[in-house]
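The values are calculated or read from the model by the stated rules, or taken from the named source; none is laboratory data. This is a predicted model, so every value here is computed, not measured. Virtual Cβ from ideal backbone geometry, glycine too; neighbours counted across all protein chains shown. Just so you know, the surface numbers come from the protein's heavy atoms only, side chains and all, with ligands and any DNA or RNA stripped out. Shrake-Rupley method; radii C 1.70, N 1.55, O 1.52, S 1.80 Å.
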Amino acid sequence: MTPMLPRSLTTLMVATDLAFIAYWLVTALHLLPPELLYNDYNDPWMVDWNWSFLPIDLLVSLTGFAALLAARRRSPASTQLALVSLTLTSASGLMALSFWTLRRDLDPAWWLPNLFLLLYPLPFLARLRTARPAP
């Protein structure tokens, strides 16, 4: 029998994956006014920077949902897929925080979600990395 993903991890992964998809839909459809978005929202460089996260964020969601589906099917691939998803999630948060740090922009509306993305995967990465399938 393969180890299952922890319940708390599945809850956080579903919430994160859905939030990424919702963010990109809201962004693509321009559903929020610019004053609620990041600083310099109308600057073409900032728009490009923001859209540069689309591939990694979609990979987070794709691998996250694949991990959850694999876990539901009791596939040993669930752990590996979760490790990939969590690593990409943390990397996405780190990239954004690095950028905001370089710009000296400390807006909590952008720092807190990205700090969450950076940090929440870490204990699960450590736990899953050392997990061994039962014989």
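Between helix 7-28 and the chain there is an angle of about 30 degrees, using the helix long axis and the longest principal axis of the Cα atoms.
Whole number in Å², please: accessible area per residue of the chain, 1.4 Å probe, ligands, DNA and RNA not counted. Before the final figure, lay out each step's value.
Numbers: 8130 Å² over 135 residues.
With all protein chains present, the chain gives 60 Å² per residue.
Modelled this way, with points 7 Å down the Cα-to-C-beta line, the labels at E35 and T11 are 3.7 nm from one another.
At q = 0.21, 0.22 Å⁻¹ the log10 of I(q)/I(0) for region 4-75 amounts to -0.90, -0.95, computed by Debye summation with a single uniform scatterer per C-alpha, solvent ignored. P(r) tail for the chain: Cα pairs beyond 23 Å make up 37% of the total. Within the full protein context, the accessible area of Y41 is estimated at about 40 Å² for a probe radius of 1.4 Å. Here r is the Cβ-Cβ distance between T87 and V47 and R0 is 30 Å; the resulting FRET efficiency, rounded to 0.05, is 0.65. On the beta carbon distance between I56 and L106, with R0 = 25 Å, the FRET formula returns roughly 0.65.
Considering region 70-126, its Cα convex hull presents a mean projected area of 4.2 nm².
Trypsin sites (Lys or Arg not before Pro), restricted to region 86-135: which are DSSP loop and have at most 10 other Cβ atoms within 10 Å? Show your work: numbers first, answer last.
Numbers: sites: R103, R104, R127, R129; in loops: R103, R104.
Counting only loop positions with at most 10 other Cβ atoms within 10 Å, the trypsin sites (Lys or Arg not before Pro) in region 86-135 are R104.
Of the solvent-accessible surface of the chain, computed with a 1.4 Å probe and all protein chains present, 70% belongs to carbon and sulfur.
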